[in-house]
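The values are calculated or read from the model by the stated rules, or taken from the named source; none is laboratory data. All of these numbers come straight from a predicted model, not from anything done at the bench. Because the Cβ atoms are built from the backbone with ideal geometry, glycine has one as well, and the counts that use them run over all protein chains shown.
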Ligand code: SF4
Ligand code: ZN
């Protein structure tokens with residue numbers, strides 16, 4: 001609005017954030033955004049000298065997380081998992097390179113196909129499970145493993161306030177107590193082969209991240225994955241967006257109050273070592289090897305069913 005003044009410096013305001021009852025000029029906005037991340041990093045108790053591995057998809061969240069941490073002086077490296085989704089995966093890598101190259105930032109790219117023998121589309125053809133839940137499981141597991149393999153102890157992900165609040169609402173609605181225990185922006189390592197996991201953007205909303213990217217000249221990947229299909233997590237985010245519209249600040253209060261009242265989460269305890277791959281797991285077979293077993297059984301069954309000539 002014309003003549004509106006920045007809440008911080010009284011300069012010309014161009015950004016309005018009703019949930020903070022604040023108006024900002026571009027410079028003060030960037031400071032506000034950095035402060036939110038600084039606060040999260042302080043809470044995470046990660047030492048400022050600790051090198052951070054940043055999981056990057058090429059989307060706005062992961063690039064913004066990487067960018068702010070780099071601006072704050074952290075030593076960082078990007079880690080990208082190429083899912084092998086035609087068109088989309090190439091565009092993801094392009095967006096990462098477009099961000100990283102001019103800033104002199106290094107990143108590693110691993111193809112899912114090279115790591116486990118299947119790309120996401122190949123897995124999709126071989127399973128009745130929802131592809132996004134399989135994809136999510138693989139990303140979680142493999143990013144953990146690759147972080148440790150590259151010699152890093154901390155893995156950063158770009159989850160934002162909307163992701164975390166949506167997940168909290170979903171878990172509460174469904175009484176998923178075991179997931180609620182892990183509802184934390186900081187998960188300690190419970191095994192020498194598991195990294196500490198942190199979400200430095202958990203205090204900022206998706207639209208605040210979009211503004212940060214615009215002001216910082218970041219051009220994230222615009223396309224969304226062609227395999228995504230109305231995940232139920234979107235419904236919980238929409239419900240919160242509705243509440244937020246009626247009562248600005250509700251989303252933040254909902255998440256932050258919950259986090260304050262609940263003790264910092266414990267990471268899932270691991271009890272054993274996978275008999276196939278030697279990675280930490282709950283019992284004797286890790287979730288990745290379990291999935292691979294299912295996929296291979298299916299291939300074997302298929303080739304048995306095919307008439308041999
Ligand atoms: Fe994976 Fe689903 Fe996300 Fe696509 S939308 S990247 S399949 S989790
Ligand atoms: Zn395994």
Tell me, which residue of region 111-122 that is out of contact with any strand residue (DSSP E or B) (no Cβ under 6 Å at 6 or more places or on another chain) and away from ligand 2 (no atom under 16 Å from the Cβ) is farthest from residue 224 (Cα to Cα)?
114
Of the residues in region 97-107, those that are exposed (fewer than 14 other Cβ atoms within 10 Å of the Cβ) and either closer than 30 Å to residue 291 by Cβ or under 21 Å from the mean Cα position of the chain (by Cα) (or both) come to 106
Residue hits (region 4-25; surrounded by 17 or more Cβ atoms within 10 Å (Cβ to Cβ) and within 17 Å of residue 215 (Cα to Cα)) are 6, 13, 15, 17, 23, 24, 25
Is it the case, given these coordinates, that residue 158 is more than 16 Å from ligand 1 (Cβ to nearest atom) and either touching a strand residue (DSSP E or B) at 6+ places or on another chain (Cβ under 8 Å) or closer than 18 Å to residue 59 by Cβ (or both)?
no
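Here's a check for you: in region 282-309, which residue that is in a loop (DSSP other than H, G, I, E, B), out of contact with any strand residue (DSSP E or B) (no Cβ under 8 Å at 6 or more places or on another chain) and loosely packed, with under 15 Cβ neighbours inside 10 Å is modelled with the lowest pLDDT?
309
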Pick from region 112-133, criterion surrounded by fewer than 19 Cβ atoms within 10 Å (Cβ to Cβ) and under 23 Å from residue 196 (Cα atoms), ranking: farthest from ligand 1 (Cβ to nearest atom):
115
Looking at residue 137, is it under 18 Å from residue 286 (Cα atoms), surrounded by fewer than 18 Cβ atoms within 10 Å (Cβ to Cβ), in contact (Cβ under 8 Å) with a residue 60 or more places away in the chain and within 16 Å of ligand 2 (Cβ to nearest atom)?
yes
Take residue 88 and decide whether it is within 16 Å of ligand 1 (Cβ to nearest atom), surrounded by 17 or more Cβ atoms within 10 Å (Cβ to Cβ) and within 20 Å of the chain's Cα centre (by Cα).
yes
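How many residues are at pLDDT 90 or above, part of a helix (DSSP H, G or I) and out of contact with any helix residue (DSSP H, G or I) (no Cβ under 7 Å at 6 or more places or on another chain) if we restrict to region 229-259? Break it down into steps so the answer makes sense when it comes.
Just the residues of region 229-259 that are at pLDDT 90 or above, to begin with: 235-259.
So of that shortlist, the ones also part of a helix (DSSP H, G or I) come out as 235-246, 250-259.
If we keep only those that are out of contact with any helix residue (DSSP H, G or I) (no Cβ under 7 Å at 6 or more places or on another chain) too, we end up with 235, 238, 241-242, 245-246, 253, 256-257, 259.
Final tally of qualifying residues: 10.
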